[in-house]
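Asker: Here you go, one structure.
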Amino acid sequence: MRRVVVASAVLAVAGCSGAQEAGPQAPPSRPAASTSAPSTPSAPPTPAAVFPGETWQRADAGDWSNLDAELSAEGSTCVAVVKDGVLVHDAYWNGGAPGSGQRIYSITKSLTALLVGMQADDGTLDLDDTASEPVDEWRGTDAEAVTVRDLLSMTSGRRWSEASDRQMIRATADQTNFAVGIDQQRPPGQAWVYDNAAAQTLESVLDDLADSDDVVELATDRLLDPLGMRDTTWARDAAGNALTYSGAESTCLDLARVGHLMLNRGRWDGRQLLSADLVEQLTSPSSELNAAYGLLWWTNAAGRVVEIRRQAGFADDLPPYEGRLAPSVPEDAFWALGYGNQYIAVVPGENLVAVRLGARPSSPDRITFDTFTAGVLDGLGDAGG
């Protein structure tokens, strides 16, 4: 039985803390003879998608010497690469092991987005409805205008500061209550701010909708168990609230299942766990304020990019720039990102999923969205064709 991690969440860096405000300056053989009418040849049937059972099917392929050398030297504990539903490579260093879970920090946010999307599919919420319907404390206040989509897109207008962020993460027992109680700084949609507290308010949204009134149980029933994520746990704060901004623990092989679900547009071995429409919304730009951000997932769309290097634990963010997060890889790529440049990378056009977990790299230019994903594609080489 899966254990439930109960933690006081003294997560000094657990929430991928550090936010950069992006203001409203948006960019942007020859046929046999026949007397009957010729028929239109039908396309060959699409092969059935391959899904893992208790373990991944595997067929080692590719040359991983360059990628593995960099990953191991930069503190990685594991990497997993899944191509066409088959595990083609995994490796472990620095104390990592196939079933050894580790904190995945803000990758937790991306998992939370799946739970919210499932509720939208169920019809129990609309992403564009006010979040004050489930969050009672916001009714009749300036926060009443904030929608669920605003919280997911980091455009909620909730007040944010590094001091407040640290206080919630390091010194608050009831983190949901703290997050809900923060003031509204501006109307939603005017700025993009990477905000851990805004993501934690989604616990209050989901708690109101969950049959059990417990978001950890919701996550277990709707996501972890259906995907077979046996080595994944979802943490709580000291008050018993699920942590929806950070804190889950998982493995490279378990998180590859999440990537494979997203690659298959929400379908898992005959079941539609999340609608294709919701997958599209989560992994497409949600605001011109940051073309690189969907709904708690990162995208590779072109436009004004706000990249949060402090999320990885580095001192300074890059200024906003025009371009793409990963110019060396296909535009359809998207990612879940956690502190220390931990990734779930998905490249739909290549039918590819890759996961990297481990410590923060030695510099912000190591194991980036671009270099990690490009390194995986290079490793596949001819095997990726």
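Asker: Take the residues of segment 268-317 that are under 24 Å from Gly358 (Cα atoms) and of a type in the set (Phe, Trp, Tyr): which is farthest from the chain's Cα centre (by Cα)?
Answerer: Phe314
Asker: Let me ask something else about it. Can you name the number of the only condition in (1) in contact with a strand residue (DSSP E or B) (Cβ under 8 Å, 6 or more places away or on another chain); (2) surrounded by fewer than 24 Cβ atoms within 10 Å (Cβ to Cβ) that Ser362 fails?
Answerer: (1)
Asker: Does at least one position in segment 159-172 carry a residue that is charged (D, E, K, R), touching an Asp or Glu at 6+ places or on another chain (Cβ under 9 Å) and more than 25 Å from Asp316 (Cα to Cα)?
Answerer: Restricting attention to segment 159-172, the residues satisfying the condition of being charged (D, E, K, R) are 159, 162, 165-166, 170.
Add one more test, that the residue is touching an Asp or Glu at 6+ places or on another chain (Cβ under 9 Å), and what stays is 159, 165.
Still in the running and more than 25 Å from Asp316 (Cα to Cα): none.
The answer is no, given that none of the residues of segment 159-172 is charged (D, E, K, R), touching an Asp or Glu at 6+ places or on another chain (Cβ under 9 Å) and more than 25 Å from Asp316 (Cα to Cα).
Asker: To continue, here is another question. Among Glu280, Glu288, which is the only one that is within 25 Å of Asp121 (Cβ to Cβ) and touching a Lys or Arg at 6+ places or on another chain (Cβ under 8 Å)? Steps first, answer last, please.
Answerer: Details: Glu288 fails: within 25 Å of Asp121 (Cβ to Cβ).
Going through Glu280, Glu288 in turn, just one is within 25 Å of Asp121 (Cβ to Cβ) and touching a Lys or Arg at 6+ places or on another chain (Cβ under 8 Å): Glu280.
Asker: Turning to a different aspect of this structure: How many of the residues making up segment 68-87 are farther than 15 Å from Thr251 by Cα and either assigned to a strand (DSSP E or B) or touching a Ser or Thr at 6+ places or on another chain (Cβ under 7 Å) (or both)?
Answerer: Matching residues across segment 68-87 total 3.
Asker: OK, next. Where the second residue is in a strand (DSSP E or B) and the first is among the charged types (D, E, K, R) and lies in segment 226-252, which pairs have Cβ atoms under 7 Å and are six or more apart or on separate chains?
Answerer: Within 7 Å, the pairs are Asp231/Ser250; Arg236/Val6; Arg236/Ala242; Glu249/Gln102; Glu249/Arg103; Glu249/Thr233.
Asker: Next up: Quick check on segment 156-171. Is at least one of its residues of a type in the set (A, V, I, L, M) and in contact with a Pro (Cβ under 7 Å, 6 or more places away or on another chain)?
Answerer: So the first thing to find is which residues in segment 156-171 are of a type in the set (A, V, I, L, M), and the list is 163, 168-169, 171.
Add one more test, that the residue is in contact with a Pro (Cβ under 7 Å, 6 or more places away or on another chain), and what stays is none.
Looking through segment 156-171, none of the residues is of a type in the set (A, V, I, L, M) and in contact with a Pro (Cβ under 7 Å, 6 or more places away or on another chain).
Asker: Checking Arg356 against (1) among the charged types (D, E, K, R); (2) surrounded by fewer than 24 Cβ atoms within 10 Å (Cβ to Cβ); (3) in contact with a strand residue (DSSP E or B) (Cβ under 7 Å, 6 or more places away or on another chain), only one condition comes out false. Which one?
Answerer: (2)
Asker: I'd like the residue in segment 89-128 that is buried (at least 22 other Cβ atoms within 10 Å of the Cβ) and of a type in the set (Val, Ile, Thr) and, out of all such residues, is farthest from the chain's Cα centre (by Cα).
Answerer: Val116
Asker: Ala73 - would you say it is on the phi > 0 side of the Ramachandran plot, out of contact with any Pro (no Cβ under 6 Å at 6 or more places or on another chain) and either of a type in the set (A, V, I, L, M) or modelled with pLDDT of 50 or more (or both)?
Answerer: No, not satisfied.
The values are calculated or read from the model by the stated rules, or taken from the named source; none is laboratory data. What you see is a predicted model, and the numbers here were worked out from it, not measured in a lab. Virtual Cβ from ideal backbone geometry, glycine too; neighbours counted across all protein chains shown.
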